[in-house]
Amino acid sequence: MHKYNKFFIFENLDKVRKISLGKFWGVDIVITSLVWLGPFLFFALHFVVNFLNLGLSLEQRLSQSLYFTIAVEITTVIHALGHIISGKIVKSPMDELLITALRDVNRYHGDQSQIKNTTHLGRALGGPVINIIVGVICIFLASSIPAGFWSNLNASMISVNLFFGLGGFLPIPSVDGVVIWREIKNLISKK
């Protein structure tokens, strides 16, 4: 166990090797050497939880776990893109996006206590808001996609994006909601 486990980070960020992938829109993109474990962990998690659904065959469980894993990986990229866009909008983007096996970490260098409340709020809203938007778009697309791979993936994209988006508003440590509700409270108390 290490101090990062409480933030749902599998790797010990003080010891794991980090690999720079370059920059995207001025943000350093860095992965850990264990990032490849992510899809396997999400697949296994979904497969185990799916045992609660007794009416599924092994083939259905495996295919649903695959769709879920693909949706999680796509949704994570969408979430990070939302934070990068919102950081650019409020003119205070993250310095580094650290991609770990289970989640991404937005890293800001320097003293963040001098940053305005509205800037913190804007940066935090980007990820959850874009996930909700993508989830709603996928809902509207659902009826026009014929049954098969793409409709199954779309169904997973709906649930995973809405989970990331709505879950991002929960005031749980290291989740965007902590920053969102803290900054809303600070803005209200200043009035």
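The values are calculated or read from the model by the stated rules, or taken from the named source; none is laboratory data. This structure is a prediction, so every number in the text was calculated from the model and none was measured. Don't worry about glycine lacking a Cβ; one is built from the backbone with ideal geometry, like all the others, and counts go over all protein chains shown. Heavy atoms of the whole protein, side chains included, go into the accessibility calculation; ligands, DNA and RNA do not. Shrake-Rupley method; radii C 1.70, N 1.55, O 1.52, S 1.80 Å.
Scanning the stretch 146-173 for residues that are within 15 Å of residue 125 (Cα to Cα), touching a residue at least 40 places away in the same chain (Cβ under 8 Å) and either over 14 Å from the mean Cα position of the chain (by Cα) or open to solvent by less than 30 Å² (accessible area, probe 1.4 Å) (or both) gives 161, 168. Quick check on residue 134: is it open to solvent by less than 20 Å² (accessible area, probe 1.4 Å), in a helix (DSSP H, G or I) and touching a residue at least 12 places away in the same chain (Cβ under 8 Å)? So residue 134 does not fit the description; no. Is it the case that residue 16 is open to solvent by less than 70 Å² (accessible area, probe 1.4 Å) and either among the basic types (Lys, Arg) or part of a loop (DSSP other than H, G, I, E, B) (or both)? It is true that residue 16 is open to solvent by less than 70 Å² (accessible area, probe 1.4 Å) and either among the basic types (Lys, Arg) or part of a loop (DSSP other than H, G, I, E, B) (or both). Take the stretch 87-110 and flag every residue that is part of a loop (DSSP other than H, G, I, E, B), open to solvent by 20 Å² or more (accessible area, probe 1.4 Å) and of a type outside the set (Ser, Thr, Tyr). Correct list: 90, 91, 93, 95, 102, 103, 109, 110. Evaluated against (1) at pLDDT 90 or above; (2) at negative phi, residue 22 falls short on exactly one condition, (2). The set of residues in the stretch 111-131 that are aliphatic (A, V, I, L, M) and either surrounded by 18 or more Cβ atoms within 10 Å (Cβ to Cβ) or not in a loop (DSSP other than H, G, I, E, B) (or both) comprises 121, 124, 125, 129, 130.
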